[in-house]
Amino acid sequence: MDANKKTLLQLMDISQLCITSNSDNDNTHQVLDSLQNVIPYSSAMLSLDHREAFSLTSSTQVLRKNTPLSWVEAYQHLEYWRVDPVLKRIQHVNHAVSWRDCEPLSQCDNFSNGYKKHLGRDGLSIQVAGDCGLTIISLALDAEKQSTHFTPHLEYLAPHIHEMFNRLGNFNRQTASAPKLTKREKEVLAWAKEGKSNWEIAAILTLSERTVKFHFSHVFRKLNVVNRPQAVAKAISLGIIKL
């Protein structure tokens with residue numbers, strides 16, 4: 001089987017696992033194990049914060065794999081989130097960020113040394129915002145791995161992981177009700193799920209590309225998302241469209 005096709009099938013399997021997972025840590029760890037097959041990370045950490053601005057405090061949930069507890073505790077108690085350039089960067093973009101692109105890591109030597117000691121020099125981080133809060137996914141990669149090669153994989157899966165991780169939340173949040181989407185908005189979402197571009201969707205539905213973009217802008221607003229992958233993940237999670 002072609003390597004790209006195999007990877008695509010693995011990504012689809014993981015997204016399906018995210019959608020069907022129950023709200024328990026075992027399912028989340030299963031997703032992290034599967035994720036390691038497509039993004040060979042050395043350690044991973046998921047952080048969920050119910051506020052608009054992230055800070056690793058007692059009101060933040062953390063799920064880790066191979067990330068030393070001592071580093072998580074130091075990050076929290078020494079408030080390293082205040083000086084973490086990766087965290088600052090992902091809060092202003094809608095895509096995954098390579099740690100190498102954020103060097104020098106920090107003006108704080110203790111933070112930089114601890115980061116390199118416990119996590120390494122390279123990795124990927126991404127932030128996904130939603131109704132229930134922020135999810136930050138950070139994956140440390142070995143030095144010989146090219147983080148940019150795995151960026152599309154993480155960007156595809158991050159919205160699905162966010163929706164799943166939010167179901168684990170214990171912030172007494174109410175389950176979000178599905179917003180009302182028009183028939184056409186559901187159609188463009190369904191074709192986006194199939195990987196079709198705006199131009200392709202326009203041709204299929206006999207619309208102008210501008211009209212397709214118009215429908216997506218309404219979808220983003222109604223679902224409170226910022227991009228197509230997140231819109232698709234949330235729509236599937238809410239039962240608006242089927243996987």
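The values are calculated or read from the model by the stated rules, or taken from the named source; none is laboratory data. Because the structure is a prediction, the values reported are computed rather than measured. Every residue, glycine among them, receives a Cβ derived from its backbone with ideal geometry; neighbour counts consider all protein chains shown.
Reported count of residues in the stretch 183-239, each being at pLDDT below 90, small (Gly, Ala, Ser) and over 20 Å from Thr20 (Cα atoms), is 1. The set of residues from the stretch 193-243 being over 21 Å from the mean Cα position of the chain (by Cα), surrounded by 15 or more Cβ atoms within 10 Å (Cβ to Cβ) and in a loop (DSSP other than H, G, I, E, B) comprises just one member, Leu207.
Select, from Leu46, Leu11, the only residue that is surrounded by 17 or more Cβ atoms within 10 Å (Cβ to Cβ), in a helix (DSSP H, G or I) and at pLDDT 85 or above. Break it down into steps so the answer makes sense when it comes.
Numbers: Leu46 fails: in a helix (DSSP H, G or I).
It is Leu11.
Any idea which residue in the stretch 56-109 is modelled with the lowest pLDDT, counting only those that are more than 20 Å from Asn166 (Cβ to Cβ) and among the polar types (S, T, N, Q)? Selected residue: Ser106.
How many residues does the stretch 224-243 hold that are over 20 Å from Ile136 (Cβ atoms) and among the hydrophobic types (A, V, I, L, M, F, W, C)? Break it down stepwise before answering.
In the first step, residues of the stretch 224-243 are kept if they are over 20 Å from Ile136 (Cβ atoms); the result is 228, 232, 235-236, 238-243.
Going one step further and asking which of them are among the hydrophobic types (A, V, I, L, M, F, W, C), we end up with 232, 235-236, 238, 240-241, 243.
Total meeting the criteria: 7.
Only residues that are hydrophobic (A, V, I, L, M, F, W, C) and over 19 Å from Leu157 (Cβ atoms) were counted across the stretch 194-243, and they come to 13.
I'm trying to understand the selection: among the residues of the stretch 120-154, which are among the hydrophobic types (A, V, I, L, M, F, W, C), at pLDDT 80 or above and under 19 Å from Ile39 (Cβ atoms)? Explain how you work it out, then say what you get.
At the first step, the residues of the stretch 120-154 found to be among the hydrophobic types (A, V, I, L, M, F, W, C) are 124, 126, 128-129, 132, 134, 136-137, 139-141, 143, 150, 154.
Next, from what is left, pick out any that are at pLDDT 80 or above: 124, 126, 128-129, 134, 136-137, 139-141, 150, 154.
Within the stretch 120-154, Leu124, Ile126, Val128, Ile136, Ile137, Leu139, Ala140, Leu141, Phe150, Leu154 qualify.
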